[in-house]
Amino acid sequence: MKTNNSILFCFFGNVIFQIFVLNQFLFSNWINPLYYVIFILFIPTKKSHLFIILSSFLIGLLVDIGTGTLSSSGPIHALSSMILGYFRPKYIKFISTRGNSISELNFNNLNFSRVFFYIIIGVFFHHFLLFIFSGLNFKNILISTFLSSFFTSILLIFSYYTFKK
């Protein structure tokens, strides 16, 4: 995602894919892969923190509107996405090999274990917040978080290495 056009394409492509394809699948009443998180995790690091937070909120809000959760549960996707976008620089510092220089980080230069860890932590954090905001009891929050995070992470890792440029 280098140009503004490719960022817009990825933004709307992820929303459409999430709403019209992935939200049609709910496996065992626990597993719903949330693919749109890949957009938040891999926004170019040169973008401003405000841009990341706002675009994270917007992608979550569009998913809320498209799935109907905005009227039933509130903006749970928007809130969890915005919080993930807010903490994203801290995750990047944690996996970065360059120390505090976030804007110079290129995800293509990271080894598999760093990308794997980054995706797992980001997805788990997002899903945990999402299921807390949805009002589930603690047992269901844990089950939903672990199962959905596992399958979302597999999907994101596969997609990242398939489409990375």
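The values are calculated or read from the model by the stated rules, or taken from the named source; none is laboratory data. This is a predicted model, so every value here is computed, not measured. Note that each Cβ is placed from the backbone with ideal geometry, even for glycine, and that neighbours are counted across all protein chains shown.
Quick notes
Yes/no matrix, rows are residues, columns are (1) among the small types (Gly, Ala, Ser); (2) closer than 21 Å to Phe87 by Cα:
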site: Ser134; (1), (2): yes, yes
site: Phe146; (1), (2): no, yes
site: Ser149; (1), (2): yes, yes
site: Leu155; (1), (2): no, no
site: Phe158; (1), (2): no, no
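- Flag if Pro44 is surrounded by fewer than 22 Cβ atoms within 10 Å (Cβ to Cβ) and within 21 Å of Phe125 (Cβ to Cβ): yes
- Qualifying residue in the range 133-156 (condition: β-branched (Val, Ile, Thr), in a helix (DSSP H, G or I) and closer than 20 Å to Ile53 by Cβ): no
- Selected residue [more than 22 Å from Phe146 (Cα to Cα), at pLDDT 95 or above and exposed (fewer than 14 other Cβ atoms within 10 Å of the Cβ)] from Leu8, Leu54: Leu54
- Single residue of the range 111-165 satisfying the filter (of a type in the set (Gly, Ala, Ser) and surrounded by fewer than 19 Cβ atoms within 10 Å (Cβ to Cβ)) that is farthest from the chain's Cα centre (by Cα): Gly135
- Hits in the range 23-53 - residues which are assigned to a helix (DSSP H, G or I), within 16 Å of the chain's Cα centre (by Cα) and either without any contact (Cβ under 8 Å) to a residue 12 or more places away in the chain or farther than 19 Å from Pro75 by Cβ (or both): Ile38, Leu41, His49, Phe51
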